[in-house]
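S.K.: Just passing along the structure, written as C-alpha cells.
The values are calculated or read from the model by the stated rules, or taken from the named source; none is laboratory data. Fair warning: this is a prediction, and the values are worked out from it, not measured in the lab. Here the Cβ positions follow ideal geometry from the backbone for every residue, glycine too, while neighbour counts run over all protein chains shown. Quick note on the areas: whole protein, heavy atoms, side chains included, nothing else; ligands and nucleic acids left out. Shrake-Rupley method; radii C 1.70, N 1.55, O 1.52, S 1.80 Å.
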Amino acid sequence: MSLSKYEIVLKVVESGSLTKAGEALGLSQSAISHAVSGLEQELDLKLLHRGRAGIVVTHEGARLLDYMRAMLDLQKKLLQEADLIKGLATGIVTIGTFTSVSIHWLPQILQSFQTQYPLIEVRLLDGDYQEIEGWIAAGLVDFGFVNMPTDQRMEQMELHKDELLCVLPDDHRLCVEEMVTAEQIRNEAFIMPAKGCDRDLHRWLHEQGGSVRTRFELEDDHAIMAMVQKGLGISILPGTILNALPEGLAVRPLAPQAYRTIGLAAKSWKKGSPAARRAISFIRSTFCMEEEEHTP
C-alpha cells in the first residue's frame, strides 16, 4: 500500500476539495480521485463523501486519519535517519508560531539555521496560542512556540521572559511616573489585547486585585499601538513588540513587574524527527546565547 495515497487523502481533507489538493500536490484532479478511490478499495471502506458542499470525511475515514499521519511521520523520520547515517542533515520541519515571534525573532534565527542546514526545509504555521497548542496535539506541527505554562501533557522548555509594559501616548499624565500600578490604570480607557498577552495580563490584574475599563479589544498589536497614538486609550503589551516604538508613544514598566514566558512545546522531544530535533536544539542555543549577551 503506497504511503502517497495517505498524503493525498489528508490533503483532500485539509483543503476540502479534490482540485485544491491537486494544486497543492502538483497532481491532476483525476489522479487525486483515482488515488482516493484506490485506497478506499484497498481498505474496503468509504473514506470521503463527495457532495454539493464539497468533500467531507466519513466517520470511518475520520477514525483512520491519525494513523495515516503517524505512518507518514514514521516514513519522514526513517528517511531523515537514513540521511543522518550518510552524514546528511535533511528533512522538513513544521513550526507553529505567533506574530511577535515571527516578526522579531524568527527571521534572524531561520537565516542562520538555513545557512548551517541548507537541506532542511522549514515551514511555518502562524496562529494564536490555542491554535498552536491544538496543532501540536494533532501532529500538524513538529513543535511550536507557546506562552507558558501550556497543556501539561506536552513537553515544554522555557526560552525567554518577555516583560509586559504599559504603552501610552507620550503626553499622558502617567508618563511622569517611573512605574505604573494596577490602581493607576483602573479608571483609564483600556485597549485589551485579545489574543496576545491577555492571559498574563489578566493574571497580573487578578494578583493586584485590580481591573481595567476595557474600551476596545483587538488582536493586532500594531492596531493597538495606532489607537493608543490617537489617544483612544492605553494598553499593556510585551516588550518584544515595543522594541521599535512608534513616534508619539511612551512605555512604562508595571509595578510589580509582569512577564509572559515564551517557550517551545512538542508532544515529545525524543520522538521528534532528526530535523526537528536539530531545529529545536538550534533555537534553544540561540536564545541561550542571547541571554548570556544581555547578562551583566
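S.K.: So, with a 1.4 angstrom probe, what is the percent of accessible area on the chain that is carbon and sulfur? Mind showing how you got there, number by number?
M.R.: Working: 8270 of 16010 Å².
Using a 1.4 Å probe with all protein chains present, the chain comes out at 52 percent carbon and sulfur.
S.K.: For n ≥ 4 DSSP H runs only, could you compute -39500 (n - 2.57) per run for the chain, divide by its residues and tell me the 222 nm figure to the nearest 500?
M.R.: On the way: 11 runs with 132 residues, N = 296.
Helices in the chain give a 222 nm mean residue ellipticity of -14000 deg cm²/dmol.
S.K.: Go through the range 1-63 and name the trypsin sites (Lys or Arg not before Pro) that are in a DSSP coil and have 13 or fewer other Cβ atoms within 10 Å of their Cβ. Could the numbers behind the result be given before it?
M.R.: Details: sites: Lys5, Lys11, Lys20, Lys46, Arg50, Arg52, Arg63; in loops: Lys46, Arg52.
In loop regions of the range 1-63 (DSSP not H, G, I, E or B), the sparsely surrounded trypsin sites (Lys or Arg not before Pro) are Lys46, Arg52.
S.K.: Among the GluC sites (Glu not before Pro) in the range 52-140, which ones are in a DSSP loop with at most 10 other Cβ atoms within 10 Å of the Cβ? Mind listing them? Could you put the intermediate results ahead of the total?
M.R.: On the way: sites: Glu60, Glu81, Glu121, Glu131, Glu133; in loops: none.
Of the GluC sites (Glu not before Pro), not one in the loops of the range 52-140 has a Cβ with at most 10 other Cβ atoms within 10 Å.
S.K.: For Arg203 and Tyr67, compute 0.36 nm times the residue count separating them, minus their Cα-Cα distance, and round to one decimal in nm. Walk me through the intermediate numbers first.
M.R.: Values: separation 136, 0.36 × 136 = 48.96 nm, distance 3.90 nm.
Fully extending the segment from Arg203 to Tyr67 adds 45.1 nm.
S.K.: Between their Cα atoms, which of Lys11/Lys267; Lys5/Lys267; Lys77/Lys161; Lys20/Lys270; Lys11/Lys161; Lys20/Lys271 are more than 30 Å away from each other? Don't jump to the answer; show the numbers that get you there.
M.R.: Details: Lys11/Lys267 22 Å; Lys5/Lys267 25 Å; Lys77/Lys161 32 Å; Lys20/Lys270 35 Å; Lys11/Lys161 37 Å; Lys20/Lys271 32 Å.
Flagged as over cut-off: Lys77/Lys161; Lys20/Lys270; Lys11/Lys161; Lys20/Lys271.
S.K.: Long-range amide H contacts for Leu48: which residues qualify at under 5 Å (H placed 1.01 Å from N, peptide plane, sequence gap of 5 or more or a different chain)?
M.R.: Thr58
S.K.: When Kirkwood radius over Cα pairs in Å is calculated directly from the model, which label among (1) 23.2; (2) 22.0; (3) 20.4 fits?
M.R.: (2)
S.K.: Let me ask another. Loop-only GluC sites (Glu not before Pro) in the range 207-246, please: DSSP not H, G, I, E or B, and at most 16 other Cβ atoms within 10 Å. Write out the running numbers ahead of the final one.
M.R.: Values: sites: Glu207, Glu217, Glu219; in loops: Glu219.
The qualifying sites are Glu219.
S.K.: Asp171: accessible area at probe 1.4 Å, nearest 10 Å²?
M.R.: 130 Å²
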